[in-house]
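Bear in mind these aren't lab numbers, they're just calculated from the coordinates by the rules spelled out. This structure is a prediction, so every number in the text was calculated from the model and none was measured. Counting neighbours? That spans all protein chains shown, and the Cβs are built from the backbone with ideal geometry, glycine included.
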Amino acid sequence: MPELERLQAGHAPAVLAFELANRAYFAASISDRGDDFFDQFTDRYNALLAEQEAGACAYYVLVDEDGSVLGRFNLYDIEDHAATLGYRVAQHVSGRGVATATVRELCRLAAAQYGLRTLRAATTRRNAASQKVLTKAGFVPVGPADPAHLGGKPGTRYERDLAL
């Protein structure tokens, strides 16, 4: 059974393998991270861990029984009892409810462990799978998303009240 784990230094090799294996799949629906992301992976990864330690973000990985990463689930810009949710799952588990179940679990963690009351998310209009995940996890559309946050693509902002 896969487990949602808080991001740690030891996850780095599996996270890099996940990102590389799914790069083309992700680029089909969201902006590609670019070669610099992979060239500077260690420095960027360490920066994420430092942000998490400072309390500005909470990063999680969904780890399979074999230690491979099936998905990344992030809470960032944590302030005033709110945060933004971001996630991505491996192509070979997409469409199986993995993202929806994990987003629901992260919503519970966000309220219980971080005292958050509101989560925000955004997705491009073309990303029907992500729209479905958010809706099934209790998010509601609240308006257009800033295209600058979606690689220049039009999209929709979502919110979830964690008190419900």
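Among beta bridges identified by DSSP and lying wholly in the stretch 3-161, the antiparallel ones come to about 90 percent.
Each label point was placed 7 Å from the Cα along the Cα-to-Cβ direction; for Ala12 and His81 their separation is 3.8 nm.
Seen from all directions on average, the stretch 1-56 presents a Cα convex hull projection of 4.9 nm².
Scanning residues 5 or more positions from Arg157 or on other chains, those with amide H under 5 Å from its amide H are Val142, Gly143, Ala145, with H placed 1.01 Å from N in the peptide plane.
Computed from phi, the 3J(HN,Hα) profile of the stretch 75-82 under the Karplus parametrisation 6.51, -1.76, 1.60 (θ = phi - 60°) reads 10, 10, 6, 6, 6, 6, 6, 9 Hz, with x in place of Gly and Pro.
Note on Thr135, Thr102: ascending count of other Cβ atoms within 10 Å places them as Thr135, Thr102, the fewest first. Output ³J(HN,Hα) for the stretch 146-159: one whole-Hz value per residue in order, computed from phi by the Karplus curve 6.51 cos²θ - 1.76 cosθ + 1.60 with θ = phi - 60°, and x for Gly and Pro. In residue order, the calculated couplings are 5, x, 5, 8, 10, x, x, 9, x, x, 10, 8, 10, 9 Hz. Against the empirical 2.2 N^0.38 Å (N residues), the stretch 3-161 has a Cα radius of gyration ratio of 0.98. Distance from the alpha carbon centroid of the stretch 118-164 to that of the stretch 7-46 works out to 22 angstrom.
For the stretch 25-99, the alpha carbon positions stretch 34, 30, 27 Å along the principal axes, listed from largest to smallest. Say a paramagnetic label sat at a point 7 Å from the Cα of Tyr25, along Cα to Cβ; which residues of the stretch 39-68 have their backbone N under 17 Å from it? Residues 61-68 fall inside that zone.
Annotation: amide H of Arg117 within the under-5 Å range of Ala82, sequence separation 5 or more or interchain, hydrogens built in the peptide plane.
With neighbours defined as other Cβ atoms within 10 Å of a residue's Cβ, the residues Val69, Val93 order from fewest to most as Val93, Val69.
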